[in-house]
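Just so it is clear, none of the values below were taken in a lab; they were calculated from the coordinates. If you're wondering where the values come from, they're calculated on a predicted model, not measured in any experiment. Positions of Cβ are backbone-derived with ideal geometry, glycine not excepted, and every protein chain shown enters the neighbour counts.
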Amino acid sequence: MKKFIWISLAVVVLAPAAYSQERIYRCGNQYTNTLPEAGAQGCKVVEGANVSVITRPTRVVPVANAAANTASPGQKPDVAAQKARDSDSRLILESELSRSRSRQHELLKEYNNGEPEKMGSEGRNHQKYLDRVADMKANLARNENDMTAIQRELTRLLATK
């Protein structure tokens, strides 16, 4: 019985402390719990809601781009460096386009106008053959879309010069 009384007393004494919360003040898009700061800025009390504040992580500039970001916002970036980057981009895109064209040529040769040669197990299992033909057709379409996108990017890059 004594133990029950002590537990009840502890619950009565500690319960309000567990439920109490400092007042939270909203100052525009910021929140604070210090009264002097809130009073100075004319903040309003937030009632009836729990407030979770998530801070945005600071942006870390990679070391490789640190030199490129040294120019102030009003200045234009180094023209020679920009031309070099544009030239590198154009060369990369042209090599990708060349690779995609050769891949397209290989795919078309293997596809054989929708009638590729049957492989060993496909002679007995026609569905396996049809699945392979459908995959080939999908690969052709995907590669064609890739070539179109690369060509569009090259055109955009050349138009900005």
*Using Cα positions and a limit of under 19 Å, work out the aspartates and glutamates in reach of LYS128, with same-chain residues fewer than 8 apart set aside.*
GLU110, GLU115, GLU117
_Pairwise label distance in nanometres, ARG23 with ALA138, each label 7 Å out on the Cα-Cβ vector_ = 6.3
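Given 0.36 nm per residue, what is the gain on full extension from TYR111 to VAL46 after removing their alpha carbon distance, in nm? Don't skip to the answer; put the middle values down first.
Numbers: separation 65, 0.36 × 65 = 23.40 nm, distance 6.75 nm.
Difference between extended and current length: 16.6 nm.
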*For the range 96-161, calculate the relative contact order in percent as a whole number, restricting contacts to Cα pairs under 8 Å that are 6 or more residues apart.*
45
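Please give the contour-minus-distance gain from LYS128 to ALA80: 0.36 nm per residue of separation, less the Cα-Cα distance, rounded to one decimal in nm.
In short, 11.7 nm is gained.
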*Only loop residues by DSSP count here, and only those with at most 14 other Cβ atoms within 10 Å; note down the GluC sites (Glu not before Pro) in the range 82-144 that meet that.*
GLU117
